[in-house]
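Peer 1: Submitted below is the structure of interest, expressed as structure tokens.
The values are calculated or read from the model by the stated rules, or taken from the named source; none is laboratory data. Just so we're clear, the structure is a prediction, and the values are computed from it rather than from any experiment. With ideal geometry, Cβ positions are generated from the backbone for all residues, glycine too; neighbour counts draw on all protein chains shown.
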């Protein structure tokens with residue numbers, strides 16, 4: 001293993017994020033090549049958390065753009081402060097400024113409301129980490145807005161021209177793959193798929209987060225979550241649900257992981273009535289017996 005990658009893994013482990021060599025390599029390349037990284041995978045496997053850890057690793061700020069259907073340039077990049085512009089027009093209506101000068105004034109930076117993407121490229125102190133979260137939830141048209149940023153780390157504003165990044169942000173995009181992303185966007189990014197973790201990795205994550213939990217309970221809980229992932233659920237539980245379930249044990253001061261406890265706290269890990277009923281029809285205790293054999 002390359003020494004830089006091992007040091008990377010060790011530092012991430014100190015920060016509380018357990019990462020395997022393959023993901024560590026692509027994260028390191030993201031930093032060294034200064035290229036955006038697209039992380040895809042099912043919900044709850046740690047894609048968003050990777051951006052938080054990178055920001056902690058670099059000791060810089062995290063700027064997050066949460067994507068959704070209908071996301072537009074005004075929310076993601078910039079918009080003008082119309083009230084402030086109107087006030088300035090009123091104040092300067094009798095001034096000696098020409099119409100061109102008045103227009104240039106109200107379309108200056110003082111009247112610009114910076115949204116996450118513009119905030120990320122105009123930071124003057126230190127390059128931030130820019131997290132574009134769940135890009136697959138945004139419309140295909142919105143991806144076109146991103147291409148200039150992802151290629152050249154710049155944004156064009158019609159009234160002001162092109163604004164280039166003072167410091168190139170570290171860009172990390174996540175996707176749950178609810179739709180296929182465009183080839184144009186993918187070409188501009190490094191890529192990595194994050195799958196549900198293997199048993200040992202998930203145990204390590206759980207123990208890192210909650211070191212007080214007993215080894216036996218931790219193993220039973222993770223085995224049960226892995227068994228749940230084999231069922232045909234509407235929403236398969238991720239690492240986040242595993243950690244929530246473990247946290248419930250600690251919060252309720254429980255030292256057992258029984259069928260009765262599972263039934264009372266199943267809302268920590270299954271998030272729909274149909275999934276809960278599917279588990280009950282399968283048999284909560286039957287599944288517990290299976291994972292313990």
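Peer 1: Give me the residue from the range 1-30 that is in a helix (DSSP H, G or I) and within 17 Å of the chain's Cα centre (by Cα) and, out of that set, surrounded by the most Cβ atoms within 10 Å (Cβ to Cβ).
Peer 2: 27
Peer 1: Show the residue pairs that are 6+ apart or on different chains and have beta-carbon atoms under 6 Å apart, the first residue being within the range 82-97 and modelled with pLDDT of 80 or more, the second being in a helix (DSSP H, G or I).
Peer 2: The qualifying pairs are 84/111.
Peer 1: Can you list the strands (runs of 3 or more DSSP E) lying wholly within the range 33-101 that have 3 or more residues being buried (at least 16 other Cβ atoms within 10 Å of the Cβ) and touching a strand residue (DSSP E or B) at 6+ places or on another chain (Cβ under 8 Å)?
Peer 2: In the range 33-101, the matching strands (runs of 3 or more DSSP E) lie at 37-40, 62-66.
Peer 1: Right, here's the next one. Looking only at the range 112-136, filter to residues that are out of contact with any helix residue (DSSP H, G or I) (no Cβ under 8 Å at 6 or more places or on another chain) and closer than 13 Å to residue 75 by Cβ; which one of those is surrounded by the most Cβ atoms within 10 Å (Cβ to Cβ)?
Peer 2: Out of the qualifying residues, it is 118.
Peer 1: Among the strands (runs of 3 or more DSSP E) confined wholly to the range 161-201, which include 1 or more residues that are more than 19 Å from the chain's Cα centre (by Cα)?
Peer 2: 161-164
Peer 1: Answer yes or no: is there a residue in the range 135-145 that is in contact with a strand residue (DSSP E or B) (Cβ under 7 Å, 6 or more places away or on another chain) and outside any helix (DSSP H, G or I).
Peer 2: The answer is no; no qualifying residue exists.
Peer 1: Does residue 149 satisfy being surrounded by 15 or more Cβ atoms within 10 Å (Cβ to Cβ) and at pLDDT below 90?
Peer 2: yes
Peer 1: Separate question: With respect to residue 109, determine if the residue is touching a residue at least 40 places away in the same chain (Cβ under 8 Å), assigned by TED's automatic domain parsing to the domain that holds residue 32 and exposed (fewer than 13 other Cβ atoms within 10 Å of the Cβ).
Peer 2: So residue 109 fails the test.
Peer 1: Do you know which residues across the range 221-241 are surrounded by 17 or more Cβ atoms within 10 Å (Cβ to Cβ) and over 22 Å from residue 40 (Cα atoms)?
Peer 2: The answer is 221, 222, 223, 224.
Peer 1: Report whether or not residue 165 is in contact with a strand residue (DSSP E or B) (Cβ under 6 Å, 6 or more places away or on another chain) and either more than 30 Å from residue 177 (Cα to Cα) or surrounded by 13 or more Cβ atoms within 10 Å (Cβ to Cβ) (or both).
Peer 2: When the stated conditions are applied, residue 165 does not pass them.
Peer 1: Please name all residue pairs, on different chains or six or more residues apart, with Cβ atoms under 7 Å, provided the first residue is in the range 19-34 and is over 15 Å from residue 53 (Cα atoms) and the second residue is modelled with pLDDT under 95 and exposed (fewer than 13 other Cβ atoms within 10 Å of the Cβ).
Peer 2: Final answer for the pair search is 21/1.
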